[in-house]
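Down below is the structure, laid out as structure tokens.
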Amino acid sequence: MAGNPETALPRRVEATDASIDEAAALLAAGRLVGMPTETVYGLACDALNAEAAAAVFASKDRPSFDPLIVHVASEADAWALVDDGPAIARQLSDAFWPGPLTLVLPKPADIPGIVTAGLDTVGVRVPAHPIARRLIAKLGERIGRPGAIAAPSANPFGGVSPTWAEHVRVPCDLVLDGGPCSTGVESTVVRSMDDGTVAILRLGGVSVEALAGVVGEANVRLVGGEHDDASAAAGLASPGTTLQHYAPRTAMRLLPNRHALPDALPNSSERCGVLGVQLEQFGLRDAKAIEDLSPAGDLTQAAAALFAAMHRLDAADLDVILAVPVPEVGLGRAINDRLRRASR
Ligand code: TXA
Ligand code: MG
């Protein structure tokens, strides 16, 4: 496999018909490819190939208990792969696919157990990104059945997710460069329950409000997290949402609220970076690096900018990154969730 992370970066090429074709051939041969999606870049393999999936776990240094999401080209392909699911899951797939929603559904027999980390469920999503969808379709043409790509975010396990092709540094044979990701945070992972409710296992690109708009506010609940032992016991936690995650190598501190920022700016001997929205009002002369994700406070814009800003801060040789929480609405919830998990 090309690319030892210590010595060489994976080969990166602009996504064109020819390079997407080459990527599909690599996937069909059991190799790994960096693939743009609207959320973050994924480390793609043929979802039906257990050995390729094993290589994905190895490339990311990902623990084997953390299942991969399977990406398909259309809603019809998803419901052909997984032949049943609660009625409410269809409502959600109609409303949000293609897009940043992953549905946890009963696992079909032809998806290898390594992909789902031995679970009897599989996370499925139809990405909205045209390059991802063309790649899945071309893989399908080569293997003679609808393509299915297993892809975690293409970062080393626990690290900051890639939202630019340049961020993809894990070993793989090719990275398709599709420019920056438009959503910028990972998909929302949900499981629809038999009682008609929807459990959110991971906050992400589809907001809680948007889900509530489709199934009703009373039917949406957030599960998992550090203190939700009951949900964990009921098998509802998402194995990948370990507490420390999305973390830069530089120490990051999440402030309790915006007002804490002026007092938190450390003395001048520490090189300090600040990450948040609408930071102008603070002056921030003592900060060595400032990443204002949205001067206007637009949380969709902020989500799209989040991980690239974390990558830049991490490269700025800082002693500490101060993260300022954003309003807990819309995509702000997913942003705060990532900031919380990245902090220590
Ligand atoms: O936006 C995304 O979802 C990106 C792009 C590449 O599609 N992918 C992504 O994958 O974020 P990953 O592997 O970094 O995160 C997948 C999350 C993990 O928290 C994992 O535990 C959870 O989805 N997950 C996957 N299958 C699951 C299942 N069957 N049950 C519960 N959680 C599952
Ligand atoms: Mg990830």
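Here are the numbers for the structure shown:
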item: Within the stretch 248-279, considering residues that are out of contact with any strand residue (DSSP E or B) (no Cβ under 7 Å at 6 or more places or on another chain) and charged (D, E, K, R), the one nearest to Val320 (Cα to Cα); result: Arg271
item: Residue tally, condition more than 10 Å from ligand 1 (Cβ to nearest atom) and under 17 Å from Leu331 (Cα atoms), over the stretch 102-116; result: 0
item: Boolean, Pro256 is part of a loop (DSSP other than H, G, I, E, B), under 23 Å from Leu105 (Cβ atoms), modelled with pLDDT of 70 or more and not acidic (Asp, Glu); result: no
item: Only listed residue being outside any helix (DSSP H, G or I), closer than 22 Å to Lys138 by Cα and away from ligand 1 (no atom under 13 Å from the Cβ), chosen from Gly30, Gly99; result: Gly30
item: Residue in the stretch 5-27 that is buried (at least 16 other Cβ atoms within 10 Å of the Cβ) and within 16 Å of ligand 2 (Cβ to nearest atom) present; result: no
item: Hits in the stretch 212-248 - residues which are modelled with pLDDT of 65 or more, within 16 Å of ligand 2 (Cβ to nearest atom), of a type outside the set (Val, Ile, Thr) and within 21 Å of Leu306 (Cβ to Cβ); result: Gly224, Ser238, Gly240, Gln244, His245, Tyr246, Ala247, Pro248
item: Strands (runs of 3 or more DSSP E) contained entirely in the stretch 139-206, each with at least 3 residues that are more than 15 Å from ligand 2 (Cβ to nearest atom); result: 174-177, 188-192, 198-202
item: Qualifying positions in the stretch 141-168 - out of contact with any strand residue (DSSP E or B) (no Cβ under 8 Å at 6 or more places or on another chain) and either away from ligand 1 (no atom under 15 Å from the Cβ) or more than 25 Å from Ala342 (Cα to Cα) (or both); result: Glu141, Arg142, Gly144, Arg145
item: Residue within the stretch 295-303 that is farther than 17 Å from Ala247 by Cα and in contact with a Gly (Cβ under 7 Å, 6 or more places away or on another chain) present; result: yes
item: Number of positions in the stretch 119-144 that are over 21 Å from the mean Cα position of the chain (by Cα) and either surrounded by 17 or more Cβ atoms within 10 Å (Cβ to Cβ) or touching a residue at least 12 places away in the same chain (Cβ under 8 Å) (or both); result: 8
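The values are calculated or read from the model by the stated rules, or taken from the named source; none is laboratory data. Computed from a predicted model, the values in this text were never measured in an experiment. Cβ sites come from the backbone with ideal geometry, for glycine too, and all protein chains shown count toward neighbours.
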